[in-house]
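Novice: First the structure, which I've put down as structure tokens, then a few questions once you've had a look.
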Amino acid sequence: MDSVTTQPADPSLARLATEARNPASTNLDQMPTLEMLQLIHQQDASVLAAVQAELGAVATAVDAIAERFLLGGRLFYIGAGTSGRLGVLDASECPPTFSVPPTLVQGIIAGGDSALRRSSEHSEDDPAQGAADLAPCALSAADTVVGIAASGRTPYVLGALAYAQTLGCLTIGLSCVPGSPLAQAAEIAITPATGAEVLTGSTRMKAGTATKLVLNMLSTGVMVRTGAVYGNLMVNVQTTNAKLVDRARRILATITGVGADEAARLLDAGGTVKTAVVMQQLGLSRQQAEQRLAAHNGNLRAALQP
């Protein structure tokens with residue numbers, strides 16, 4: 001018999017807000033389809049208020065992570081199930097969006113990469129495995145570990161955070177249950193209280209949406225604070241396909257005011273948007289522009305200052 005099914009029941013799980021039964025959806029299976037979808041949509045709308053209530057904590061986290069990035073630190077997301085998948089998703093979007101190495105923001109999911117496609121929810125019950133999955137990362141005090149768990153009590157995530165704390169890492173707990181073990185263990189707690197799901201216990205719904213919103217803000221906010229963005233333009237974009245080449249040219253044209261043909265020529269000459277902008281705006285060679293950017297830690301706005 002599966003050892004998971006023979007474990008004693010944990011009465012505390014039934015008391016979690018994320019496991020509660022939503023009174024608005026008790027007759028979900030009897031609702032007409034449109035009414036059912038309207039209810040799901042109405043419940044989703046409440047997620048925005050839950051996230052808004054945590055913006056102060058998110059801002060604190062963004063500034064703390066950005067400070068560590070400038071010291072050579074990295075950002076790690078770790079979670080199980082939906083929480084782990086959302087962390088891996090956000091991490092995987094950072095290299096193409098901000099032209100950062102894949103080692104800068106990393107997502108780790110219980111059960112390994114195969115769990116991205118095939119559920120491995122039993123993996124979340126082992127705190128030692130959370131620590132073991134972080135061990136090869138050679139963490140330092142400059143790194144940040146964000147534990148993600150809708151319930152705020154996932155053993156795998158709690159084990160990972162405890163391990164990270166022994167190495168002096170900044171620890172952030174992202175959950176949807178105020179006062180949870182994860183919120184209490186982390187140095188910074190981000191806890192959008194999304195409450196009971198339309199489908200009881202299905203935290204891929206409101207809790208998952210809140211988690212995605214917060215992760216969007218964490219990664220984007222940190223990249224803005226560390227100079228990967230100019231205005232609201234993606235100046236670190238990687239030109240790895242036709243769409244992104246076109247975007248890079250349009251960004252270059254917007255900043256410098258040159259026409260489309262000249263933007264294409266500048267991008268070819270500079271290799272990257274930021275180098276091309278510095279070349280055009282300051283009348284520098286490619287090598288000089290690259291050196292100027294390097295002297296300002298890649299921050300375009302700072303590099304353009306006289």
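Novice: Return H41, H296 ranked ascending by Cβ neighbour count within 10 Å, so the fewest neighbours appear first. Walk me through the numbers before you get to the answer.
Specialist: Numbers: H41 10, H296 15.
Ranking H41, H296 by Cβ neighbours within 10 Å, fewest first, gives H41, H296.
Novice: Something else now. Points 7 angstrom from Cα along the Cβ direction at R118 and R21: gap in nanometres?
Specialist: 3.5
Novice: How do D29, D261 line up, fewest other C-beta atoms within 10 Å first? Intermediate results must be reported in sequence, preceding the final value.
Specialist: Values: D29 7, D261 10.
So the ranking, lowest neighbour count to highest, is D29, D261.
Novice: Scan around A189 for amide H atoms under 5 Å from its own, H built in the peptide plane at 1.01 Å from N, and keep only partners 5 or more places away or cross-chain.
Specialist: Amide H neighbours of A189, under 5 Å, 5+ apart: G173.
Novice: In Å³ and rounded to a whole number, note down the convex hull volume per residue for the Cα atoms of the chain.
Specialist: On the way: hull volume 50.5 nm³, N = 306.
Taking only Cα atoms, the chain has a hull volume of 165 Å³ per residue.
Novice: What is the antiparallel percent of DSSP beta bridges lying wholly in the chain, to the nearest 5?
Specialist: Details: 1 of 19 bridges.
Bridges in the chain are about 5 percent antiparallel.
Novice: Let's test the formula: R0 of 22 Å, r as the Cβ-Cβ distance of H296 and N232. What FRET efficiency results, to the nearest 0.05? Before the final figure, lay out each step's value.
Specialist: On the way: r = 20 Å, r/R0 = 0.90.
According to the calculation, E is roughly 0.65.
Novice: Which whole-Hz ³J(HN,Hα) couplings does the stretch 286-300 yield from phi under the Karplus relation 6.51 cos²θ - 1.76 cosθ + 1.60, θ = phi - 60°, glycine and proline marked x?
Specialist: The phi angles translate into 4, 4, 5, 5, 5, 5, 5, 5, 4, 5, 10, 6, x, 7, 5 Hz.
Novice: How much mean residue ellipticity at 222 nm does the chain get from its helices, if each DSSP H run of length 4 or more adds -39500 (n - 2.57) and you divide by all residues, to the nearest 500 deg cm²/dmol? Intermediate results must be reported in sequence, preceding the final value.
Specialist: Values: 12 runs with 149 residues, N = 306.
Value at 222 nm, helices only, nearest 500: -15500 deg cm²/dmol.
Novice: Related question: To the nearest whole percent, what portion of all C-alpha pairs in the stretch 242-304 is separated by more than 17 angstrom? Walk me through the numbers on the way to the answer.
Specialist: Numbers: 602 of 1953 pairs.
I get 31 percent for the Cα pairs in the stretch 242-304 exceeding 17 Å.
Novice: If the label point is 7 Å along Cα→Cβ of Q42, which residues in the stretch 184-201 have backbone nitrogen under 13 Å from it?
Specialist: 198
Novice: On a 0 to 90° scale, report how tilted helix 242-256 is relative to the longest principal axis of the chain, with both axes built from alpha carbons and the result rounded to the nearest 10.
Specialist: 60
Novice: With point charges of +1 on the Cβ of Lys and Arg and -1 on the Cβ of Asp and Glu, referenced to the Cα centre of the chain, which listed residue (L161, P102, Y77) lies farthest in the positive direction of the dipole?
Specialist: Result: P102.
Novice: Report the charge-dipole magnitude of the chain in Debye, nearest 20, computed about the Cα centre from +1 at each Lys and Arg Cβ and -1 at each Asp and Glu Cβ.
Specialist: 960
Novice: A further question follows. In degrees between 0 and 90, to the nearest 10, how far off the longest principal axis of the chain does helix 55-69 point, with axes built from Cα atoms?
Specialist: 50
Novice: Determine the percent antiparallel among the DSSP beta bridges restricted to the stretch 138-267, to the nearest 5.
Specialist: 10
Novice: Specify the angular offset, from 0 to 90 degrees and rounded to the nearest 10, of the alpha carbon long axis of helix 206-225 from the longest principal axis of the alpha carbons in the chain.
Specialist: Orientation of helix 206-225: about 30 degrees from the principal axis.
Novice: Next up: Just want the answer: with Cβ charges of +1 for Lys and Arg and -1 for Asp and Glu, which residue in A210, A264, P181 is farthest toward the dipole's positive end in the chain?
Specialist: A264
Novice: Also, quick follow-up: Report, ordered by chain and residue number, the lysines lying within cross-link reach of K243, taken as a straight Cα distance under 30 Å and ignoring same-chain residues fewer than 8 apart.
Specialist: Straight-line reach from K243, under 30 Å: K212, K274.
Novice: Quick one: if you stick a label point 7 Å off each Cα along the C-beta vector at R247 and A53, how many nm between them?
Specialist: Computed distance between label sites R247 and A53 equals 3.4 nm.
Readers should treat all values here as calculations from the given coordinates under stated rules, not as data from a laboratory. Computed from a predicted model, the values in this text were never measured in an experiment. A quick note on method: Cβ atoms are made from the backbone with ideal geometry, for glycine too, and the neighbour counts reach across all protein chains shown.
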